[in-house]
Amino acid sequence: MLDRFSKEIVQDEALSGALGYYRALPFLGHTPVVRVPTTMIWSDGDNLLGRTCAQLSARYVDAPYDFVVLTGVSHWIPDHAPEALVELVIARADSVRGDA
């Protein structure tokens, strides 16, 4: 897995875009309100983003909002629980289309 991250993040230069996002945050001046249905997927094994911080994201959403906790998963949800993540993304998309 380390080789994959090295290639995707370092060799393919994804790191500069990700760091640029975080570097720009202080210059936004405000946090825009999200106006589309949103699902915040958080994992209780996340040692980078605490539960309270994750839950506070709801205040920036003016649309249907769900907060979902994945148990026993680290910060790296796409790598450690891809199936659960895909199910949640599809469920949100279906809810917007009216298929749920």
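Some points to look at:
- Helical contribution to [θ] at 222 nm, DSSP H n ≥ 4, -39,500 (n - 2.57), averaged over the chain, rounded to 500: -11000 deg cm²/dmol
- Charge dipole of the chain about the Cα centre (unit charges at C-beta), most positive-ward option of PRO26, VAL36, ALA91: PRO26
None of the figures in this text is laboratory data; all of them are computed from the coordinates on show. Small disclaimer: the values here were computed from a predicted structure and weren't measured. Don't worry about glycine lacking a Cβ; one is built from the backbone with ideal geometry, like all the others, and counts go over all protein chains shown.
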